[in-house]
Structures are given as C-alpha cells and as structure tokens.
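Peer 1: I have a structure here, written as structure tokens, and I will follow up with some questions on it.
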Amino acid sequence: MLVNLSTILAPAVGSDYSVGCFNVFGWEDAQAVVNAAAEAGAPVILGASADFRKLMPIEVIAPMLRAAAEYAPIPVCVHLDHTYNMAEVFRAVDAGFTSVMYDGSQLPLEENIAGTRRVAQYAHAAGCSVEAEIGSVPYAEGRAHIRSELTELKDAVRLAAESGLDAMAVSIGNVHRLKEPAAVIDFKRLEAIEAAVSVPLVIHGTSGIFESDIARLARTRRVAKFNIATVLRQAFGRGLRETLAKHPERFDRVEIMGDVMPVMSSEASRMIRLLGWNRSRPSAGINLNRSAAAQ
Ligand code: G3H
Ligand code: ZN
C-alpha cells in the first residue's frame, strides 16, 4: 500500500516505535526490505539516495519503488533522500515520489526556511510530503563538504513553524556512514527540541548509533523516522561475499541475489525490531487502512 510520509509517520508520533527508512539501490534491495517489513507487519519507507540516483534516473526509480509499495501488504512510502537542488526535488514530485527531502542544511537559516516553504507548496499540491533538515548531520566519509553542526533550538523552532515541512531531521551527535556504532547522542538537546516543536523528528546516520541509543530514541515522543543505509549496504556486501565464497562457480544474477536478499532482509528485520516494532502489535496495514491514503 503506497502512502506518503505524513500518513506513515502519524501513528509513530507519541508511540513507542519509529519507522525505518532504508536506502535501497535497486529492485532486489527494495524487495528484501519490503519482505522484512511485511513479515513483521510493519510500515516501511524506501529511500533513494543521491548515489542511487547516479545509477538510475529519478523517473525510473519512482515507478519502480511505487510498484514495490503498491504490491506490498503493509504501508510503504517512497522517499527521495537528501537533495540540495530544488529542480531535482520538483522532478521527483512529478515522477511520483510520495515524500521528498529538500536538504537546506548547508544554507543560511532564512534560505533553508524559504526553500523548504517553496518545496512544501509544490509537493503538497501533489499529495507528497516534505522532510527538511536543521543543523547539519556530518559524514564520516564520502561528503567532506557537508558541515558538522548541532541543531540549535531556536532554529529548529523557526524551521518547524515557518516552512510547512512534514518531518524535520535534527543533528544531535549523529553522524552519517559510520561503519560501526560510535555516535555520542545529545539526549538533552533532543529533549529540548521535542518540547518545543510538534512535528515528527528524523534521525539520520542510524548505522553509527549504538543499539541501546537507537531503542531509546525510537521510544521518545517525537522521533518517528530513522534513516538507515550503511548497515544495509554492509549486509549486501556480506551476503555477496558469502555466497560467492561458497559457490565460486556462480555467475547467475538471480541465483546470487537469491542468497543475498535474505541476508539484507534479516538486517532490515533487526532494525525494524530495534525501532520498537513487534509482532504483538496489530498489523500496520489494518491500522493505516483507516487513515488517508497517500494521494
Ligand atoms: O540519509 C541517509 C542516512 O542518514 C543513512 O545513514 O548510512 O549512517 O545509516 P547511515
Ligand atoms: Zn542522511
């Protein structure tokens, strides 16, 4: 079931779980994630990163991920990850993404607010939700130009109130692309932000956060979405190496991916559980069927 970000996050706000947004790099990755979510009965978000968009045009990614969502028995949102270029965000809305992240984190606050507001007007008219970022979540590798800047409370309050965003990413010690947990989360800063805004909050750089902190963050009132990429990419690499080591003669993609996908699914399942979703909860499909559809 295809839904937008507002629809999928609404039940997670004020509850003890959050929704995983997994960056995928193709159909098999998307299926591996959707299978894990369906098995748990959990809502899930499929993210398209800038790296994936180098491999495949936005206009191809959107219908592919929408198809994965439409055939899924659970709510699935199709999300454009960090995008700094507004024209690209508009293209993604036109192509059918049900959520876009306009990342104005590298801009002065006024420009971030104005840009997000413009994107929100355009996206909302198409039933698409908008995520924005305040402060700047740094990268451990691959994006040296992205600043490291913790979220200032007063800036978070302004972006949340003045831009029309649907979800807000915050910088509270989280770091992108750490290969193992090392981030030191500033829970006091998060508490202050949570007390001052009423929008769903997003945690990026989940792979670098200790399990106990992920579970604690997921239980907080407003944190509703976690962006997850590196651990899933690591699962892909691990699965690929394992199957080729076991079957060095293999060359068939379907056979190889048939072994890799369950490894990715099992990593996605681990994250879904860590984010507080459990089998005793009624199926997400049943809960969210009653709320507004994406578009
Ligand atoms: O936007 C993408 C995420 O924040 C992924 O971060 O690769 O550290 O899990 P990660
Ligand atoms: Zn991110």
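The values are calculated or read from the model by the stated rules, or taken from the named source; none is laboratory data. These numbers were taken from a predicted model, which means no experiment stands behind them. A quick note on method: Cβ atoms are made from the backbone with ideal geometry, for glycine too, and the neighbour counts reach across all protein chains shown. Each accessible area value is taken on the protein alone, full model and side chains, heavy atoms only, with ligands, DNA and RNA left out. Shrake-Rupley method; radii C 1.70, N 1.55, O 1.52, S 1.80 Å.
Peer 1: First measure r as the distance between the Cβ atoms of residue 161 and residue 184, then evaluate 1/(1 + (r/R0)^6) with R0 = 25 Å and state the FRET efficiency to the nearest 0.05.
Peer 2: 0.30
Peer 1: Once you order the gyration tensor axes a ≥ b ≥ c over the Cα atoms, which shape class does the range 132-275 get: rounded for a/c under 1.5, otherwise prolate or oblate by comparing a/b with b/c?
Peer 2: Because a/c hits 1.5 or more and a/b exceeds b/c, the range 132-275 counts as prolate.
Peer 1: Charges on Cβ only, +1 for Lys and Arg, -1 for Asp and Glu, centred on the Cα centroid of the chain; of 128, 231, 140, which one is farthest towards the dipole's positive end?
Peer 2: Working it through, the farthest residue towards the positive pole turns out to be 231.
Peer 1: Over the Cα atoms of the range 205-263, compute the convex hull volume and normalise it per residue, giving Å³.
Peer 2: Value for the range 205-263: 92 Å³ per residue.
Peer 1: Taking the Cα centre of the chain as origin, work out the dipole magnitude from +1 charges on Lys and Arg Cβ and -1 charges on Asp and Glu Cβ, in debye rounded to 20.
Peer 2: Here the size comes out at about 440 debye.
Peer 1: Ok, one more. What does the charge count near residue 87 come to, summing +1 for each Lys or Arg and -1 for each Asp or Glu among other residues with Cβ under 15 Å from its Cβ?
Peer 2: After counting each charged neighbour, the total is -1.
Peer 1: Going by a ≥ b ≥ c, the root eigenvalues of the Cα gyration tensor, does the range 45-187 fall in the rounded group (a/c under 1.5), the prolate group (a/b larger than b/c) or the oblate group?
Peer 2: Oblate shape, in that a/c is at least 1.5 and b/c is the bigger or equal ratio.
Peer 1: Go ahead and set up a Gaussian network model of the chain, Cα springs under 10 Å, then flag whichever of 67, 161, 195 fluctuates most.
Peer 2: In the Gaussian network model the winner is 195.
Peer 1: Right, something else. How much of the DSSP beta bridge set in the chain is antiparallel, as a percent to the nearest 5?
Peer 2: Percent antiparallel among DSSP bridges in the chain is about 5.
Peer 1: Given charges of +1 on the Cβ of Lys and Arg and -1 on the Cβ of Asp and Glu, with all other atoms neutral, how large is the dipole of the range 1-85 about its Cα centre, in debye to the nearest 20?
Peer 2: With Lys and Arg at +1 and Asp and Glu at -1, about 180 debye.
Peer 1: Taking square-rooted eigenvalues a ≥ b ≥ c of the alpha carbon gyration tensor, is the range 95-148 rounded, prolate or oblate, where a/c under 1.5 means rounded and, failing that, a/b exceeding b/c means prolate?
Peer 2: Oblate, because a/c is 1.5 or more while a/b does not exceed b/c.
Peer 1: Could you rank 28, 242, 267 by how accessible they are, 1.4 Å probe, largest area first?
Peer 2: 242, 28, 267
Peer 1: Can I ask one more? Roughly what would the spin-label model give for residue 86 and residue 141, points 7 Å off Cα along C-beta, in nm?
Peer 2: 3.5
Peer 1: Oh, and also: Just to verify a number: FRET efficiency for residue 16 and residue 246, C-beta to C-beta distance, R0 = 51 Å, to 0.05?
Peer 2: Approximately 0.80, to the nearest 0.05.
Peer 1: Just how many % of Cα pairs in the range 230-276 lie over 17 Å apart, if you round to the nearest whole percent?
Peer 2: Result for the distance tail: 33 percent.
Peer 1: Which one, 94, 51, 155, has the greatest fluctuation when you compute a Gaussian network model over the chain with C-alpha springs under 10 angstrom?
Peer 2: 51
Peer 1: While we're here: Compute the long axis of helix 86-95 from its Cα atoms, compare it with the longest principal axis of the Cα atoms of the chain, and write down the angle in degrees, 0 to 90, nearest 10.
Peer 2: 50
Peer 1: In nm, to one decimal, how far is the residue 125 label point from the residue 39 one, both placed 7 Å along Cα→Cβ?
Peer 2: Here the modelled spin labels are 4.3 nm apart.
Peer 1: How big is the shadow of the Cα convex hull of the chain, averaged over all directions, in nm²?
Peer 2: Average of the hull's projected areas for the chain equals 14.2 nm².
Peer 1: In the neighborhood of residue 208, defined by Cβ-to-Cβ distances under 9 Å, what is the net charge if each Lys or Arg adds +1 and each Asp or Glu adds -1?
Peer 2: +1
Peer 1: Here's another thing I want to ask about it. Mind grabbing the base-10 log of I(q)/I(0) for the range 23-129 at q = 0.17, 0.19 Å⁻¹? Debye formula, identical points on the C-alpha positions, no solvent, two decimal places.
Peer 2: The Cα Debye sum returns log10 ratios of -0.76, -0.90.
Peer 1: Using a Gaussian network model of the chain with C-alpha springs under 10 Å, which one of 181, 43, 75 is most mobile by mean-square fluctuation?
Peer 2: Largest GNM mean-square fluctuation: 181.
Peer 1: Hey, another quick one. How do 277, 27 rank by accessible surface area computed with a 1.4 Å probe, from largest to smallest?
Peer 2: Putting 277, 27 in descending order of accessible area: 27, 277.
Peer 1: Helix-only estimate, please: 222 nm mean residue ellipticity of the chain, summing -39500 (n - 2.57) across DSSP H runs of length 4 or more and dividing by its residues, to the nearest 500.
Peer 2: It comes out at -14500 deg cm²/dmol, rounded to the nearest 500.
Peer 1: Report the semi-axes of the equivalent ellipsoid for the range 76-121 in whole Å, largest first, where each axis is √(5λ) for an eigenvalue λ of the Cα gyration tensor.
Peer 2: Each semi-axis is the square root of five times an eigenvalue, giving 19, 10, 9 Å.
Peer 1: When N counts the residues of the range 1-75, how does its alpha-carbon radius of gyration compare numerically with 2.2 N^0.38 Å, as a ratio?
Peer 2: After normalising by residue count via 2.2 N^0.38 Å, the value is 1.09.
Peer 1: If you take the charge dipole of the chain about its Cα centre, with +1 on Lys and Arg Cβ and -1 on Asp and Glu Cβ, which of 274, 64, 245 is farthest toward its positive end?
Peer 2: Farthest towards the positive pole: 274.
Peer 1: I would also like to ask the following. Between residue 278 and residue 219, what is the label-point separation in nm under the 7 Å Cα-to-beta-carbon projection?
Peer 2: Distance between label points: 1.1 nm.
Peer 1: Continuing with the same structure: Accessible surface of residue 240 in the full protein assembly, 1.4 angstrom probe, to the nearest 10 Å²?
Peer 2: That residue has around 50 Å² of solvent-accessible surface.
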